[in-house]
Amino acid sequence: MPSRPVRPGLVLATVLVGTFMAILDVAIVNVAVPAIRTDLDAGYGGVELVISAYTITYACLLVTGGRLGDLVGRRRMFITGLLVFSAASALCGAAPNIEVLIAARALQGIGGALLYPQVLAIIQTTFEGERRGRALGTFGAVIGIASIAGQLIGGTLLALDPFGLGWRSVFLVNVPVGLAAAFAAARTLPADQPADGTRLDRGGVGLGVLALLLLSVPLLEGRDLGWPLWILLALVATAPAGYAFVRYEKRVADGGGQPLVRMELFRARGIAPGVTAAALFTASYAAYLLTLAVHLQAGLGYTPMMSALTFTPGAVGFFITSLVAPRLVPLLGKHVLTFGMVTAALGLLGAAGTVAAAGADLRWWQLAPVLFVVGLGQGFALSPLVGTVISGVPPQEAGSGAGVVTTSMQTGNVLGVALGGLVYFTVLGADHGGAASARAFAVVLPVCAALLLLGAVCVGRLPTPVGEASNAIVERLPGWASGFAYSMFLASGGRIGDRLFADVLAHVRERRLRRTQEAPESFGDFLAYHYGAQAEDDAWLAYLQREALAYAHGKVPHEDERLPVLRAQVEEVRRRQEAGRVPQDMDPELLRLLAFAVASYPRLLPQITRMVTGLNPDDPRFADRWAQFLRGLGERIETGGAVRETP
């Protein structure tokens with residue numbers, strides 16, 4: 001039976017439904033927390049476990065889910081994940097007590113971990129080129145939308161109360177959607193063959209889950225249980241369990257196996273600060289969402305719908321910037337994350353002041369402006385987070401790096417729920433009134449802001465990707481602005497703007513190295529190419545003129561950083577000699593000087609160019625004449641002075 005043709009649009013729609021469900025269920029429970037606690041007669045620690053049981057299993061099994069996709073096929077694993085997720089959602093909706101609900105949520109997390117890693121792999125194999133970029137952009141937008149939609153969808157379902165199901169509807173809504181998505185996946189996703197040689201690191205999975213449980217469960221349950229001895233011992237045991245996990249993973253790797261997490265990945269400069277920044281951001285985000293939902297409903301007596309509407313300004317801000325952020329990354333680089341985290345932190349501090357001032361009389365419209373600012377910052381920070389962190393990782397490690405960062409985000413989610421709940425309920429004490437809730441929430445918000453500011457510090461430690469200046473926006477300013485920066489540096493003898501100069505120099509250095517590698521083989525075309533490319537360097541060439549007057553033949557600032565580019569250019573000339581394109585008796589260093597002179601002369605001395613030819617260097621007529629002259633000059637050098645006959 002012939003296979004059905006692949007329809008990329010339907011493939012993308014199908015996998016994005018699974019993505020939406022997996023991300024949505026991280027947050028949808030927040031709005032239902034008070035209703036679940038009342039109906040099942042549970043403590044807040046137990047309800048926090050309902051939230052965290054999902055993220056614990058989801059975090060621990062994401063990498064394993066990706067390996068299983070390689071082992072048994074991505075389409076099969078995606079469908080399996082949807083079915084497990086749907087069955088677990090039905091069990092959540094039917095849970096008779098808090099213990100069953102926690103277990104069902106853990107099973108939901110397993111389903112999410114099985115389906116989610118297949119999405120990127122399916123997109124990568126289904127789309128190519130520009131279409132792949134658009135598909136990945138849509139994927140990122142769906143993640144952003146799902147991250148904020150949980151509050152709104154959950155509040156709407158609780159307000160409408162379909163069939164009198166109450167809080168159970170926030171879980172049962174997944175069942176028909178998941179089954180429909182599984183049916184669509186079976187009919188639309190392309191068949192794929194399992195990869196040979198893939199093995200599961202069962203020991204790594206077990207130790208990773210154990211370490212996370214030893215840390216998160218005591219933090220979630222300790223306050224409700226009165227901090228018994230076993231809780232404290234579990235917390236202490238977290239350190240040896242984490243150490244055992246790291247040692248085991250190294251041993252598996254040294255033995256030629258396939259560890260769950262390859263520890264050598266952390267040697268890449270971007271991973272350690274990136275993982276920390278990701279975990280801090282999601283910890284702040286989770287603590288903020290949980291405590292805001294509890295304060296609005298349990299503290300102020302808001303209905304679920306009113307609570308969801310209070311979230312709306314933040315959701316709108318998040319949606320706007322989650323779409324804008326990817327477009328700003330080429331301009332600002334990693335600073336998009338820094339700006340987002342700092343903006344969100346300022347919004348949280350503003351919200352803390354608003355809540356503390358209003359107390360039990362808080363109205364939703366008083367929070368709207370600051371929550372909008374919080375949402376703006378969170379959208380800037382979340383949308384490009386994974387891509388920015390792994391941009392400094394070698395390409396062959398990008399898949400593993402993304403898995404580690406995503407896992408750290410879910411781990412941060414677990415710890416954020418634990419930390420936010422611990423601070424809120426400790427400050428709240430026995431008084432559950434509106435004023436006490438406001439005091440507790442006003443304490444949690446600065447803690448969330450502090451986590452974001454620490455995350456911004458970690459972002460600052462991310463390496464600058466190749467070809468990207470660490471102060472990327474400066475190099476993209478108009479030429480006169482870069483020229484002004486150069487002039488300030490030069491006029492002050494390097495005492496003003498040295499860091500700025502170093503950033504711009506890094507960008508110039510990378511750009512000129514790239515040109516050296518991209519230049520055509522023919523020596524005439526080589527000269528013409530560099531002449532045309534010099535148009536990007538007007539500000540730099542003007543600086544070189546002033547630098548020559550200031551330093552003459554003395555050592556110039558940042559000379560050691562500039563030498564590798566010059567050596568690379570000389571080596572390119574020497575390579576052309578070895579290839580027979582340049583006569584062997586010509587000095588490659590002096591030939592490099594000649595190449596720079598003829599490529600740069602018109603722009604270095606524009607007044608001479610104008611007086612000799614009557615044309616400015618930027619005039620297209622002069623550019624054509626000079627490029628043709630350079631091609632002819634290069635051809636004569638390449639052929640040893642002989643003129644090739646035109647056929």
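Just order 57-66, 227-236, 436-445 by mean Cβ neighbour count inside 10 Å, highest at the front, would you? Could the numbers behind the result be given before it?
Numbers: 57-66: 25.3, 227-236: 12.9, 436-445: 23.1.
With the highest mean Cβ count within 10 Å placed first, the list reads 57-66, 436-445, 227-236.
Between LEU633 and ARG7, how many nm apart are label points set 7 Å from Cα along the C-beta direction?
Placing both labels 7 Å beyond Cα along the Cβ direction yields 6.1 nm.
Packing-wise, with mean Cβ within 10 Å as the measure, how do 450-456, 279-285, 361-367, 606-612 rank, highest first?
Output ranking for 450-456, 279-285, 361-367, 606-612: 279-285, 450-456, 361-367, 606-612.
Let me check against my output: what whole-number percent is the relative contact order of the chain, with C-alpha pairs under 8 Å and at least 6 apart?
That works out to 14 percent.
Using the Kirkwood formula on the Cα atoms of the range 238-375, what hydrodynamic radius do you get, in angstrom to one decimal? Could you put the intermediate results ahead of the total?
Working: mean 1/r = 0.0555 Å⁻¹.
That comes to 18.0 Å for the range 238-375.
Using a 1.4 angstrom probe on heavy atoms only, work out the carbon and sulfur share of the accessible area of the range 268-325 in %.
That share works out to 79 percent.
If you line up the long axis of helix 498-518 against the longest principal axis of the chain, both from Cα atoms, how many degrees apart are they, to the nearest 10?
Tilt relative to the chain: about 70 degrees.
Would you be so kind as to identify which of LEU40, ALA22, PRO96 lies farthest towards the positive end of the dipole of the range 1-113, taking Lys and Arg as +1 and Asp and Glu as -1 on Cβ and the Cα centre as origin?
It is ALA22.
Suppose every Lys and Arg Cβ carries +1 and every Asp and Glu Cβ carries -1, with no other charges. What dipole size does the chain come out with about its Cα centre, to the nearest 20 debye?
It works out to roughly 420 debye.
For the charge dipole of the range 79-232, defined by +1 on Lys and Arg C-beta atoms and -1 on Asp and Glu C-beta atoms about the Cα centroid, which residue among GLY111, LEU172, ILE123 has the Cα displaced farthest towards the positive pole?
Sorting the options by dipole projection puts first ILE123.
Report, to the nearest 10°, how far helix 559-578 tilts away from the longest principal axis of the Cα atoms in the chain, using its own Cα long axis and a range of 0 to 90°.
The angle comes out near 60 degrees.
Which is the longest run of the chain containing none of the GluC sites (Glu not before Pro) found in DSSP loop states (not H, G, I, E, B) with at most 11 other C-beta atoms within 10 Å?
For GluC sites (Glu not before Pro) (loop position, at most 11 other Cβ atoms within 10 Å), the longest site-free span of the chain is 129-520.
Once the Cα atoms of the range 133-256 are picked out, what are the Rg and Dmax in Å?
Reported Rg and Dmax, both Å: 21.6, 57.
What does the convex hull of the Cα atoms come to per residue for the chain, in Å³?
It is 216 Å³ per residue.
Could you give the nm distance between label points at ALA533 and TYR243, where each point is 7 Å from its Cα heading toward the beta carbon?
That separation, rounded to one decimal, is 5.3 nm.
Probe radius 1.4 Å, ligands and nucleic acids ignored: give me the carbon and sulfur share of the accessible area of the range 149-201 as a rounded percent.
Carbon with sulfur: 66 percent of the solvent-accessible area.
Can you pull the one-decimal nm distance between simple spin-label points at ASP41 and ALA368, each 7 Å off the Cα toward Cβ?
Each label point is offset 7 Å from its Cα along the Cβ direction, giving 4.2 nm.
Please report the projected area of the range 332-375's Cα convex hull averaged over all directions, in nm².
That works out to 2.9 nm², a quarter of the Cα hull's surface.
At a 1.4 Å probe, what is the % contribution of carbon and sulfur to the accessible area of the range 406-467?
Its accessible area is 70 percent carbon and sulfur atoms.
In square angstrom, what is the accessible area per residue of the chain with a 1.4 angstrom probe?
44
Go through LEU323, THR80, ALA253 and say which Cα lies farthest out towards the positive end of the charge dipole of the chain; charges sit on Cβ, +1 for Lys and Arg, -1 for Asp and Glu.
THR80
At R0 = 51 Å, how high is the FRET efficiency between VAL556 and VAL324 if r is their beta carbon distance? Nearest 0.05 is fine.
0.80
Quick one: angle between helix 364-382 and the longest Cα principal axis of the chain, in degrees between 0 and 90, rounded to 10, please.
Compared with the principal axis, the helix lies near 50 degrees.
Dimensions of the range 248-322 along principal axes (Cα, Å, largest first)?
Principal axes ranked by extent give 58, 27, 17 Å for the Cα atoms.
The values are calculated or read from the model by the stated rules, or taken from the named source; none is laboratory data. As the structure is a computational prediction, the values presented were derived from the model and not from experiment. For neighbour counting, all protein chains shown are included, and Cβ atoms are generated from backbone atoms with ideal geometry for every residue, glycine included. Ligands, DNA and RNA are excluded from the accessible area calculation, which covers all protein heavy atoms including side chains. Shrake-Rupley method; radii C 1.70, N 1.55, O 1.52, S 1.80 Å.
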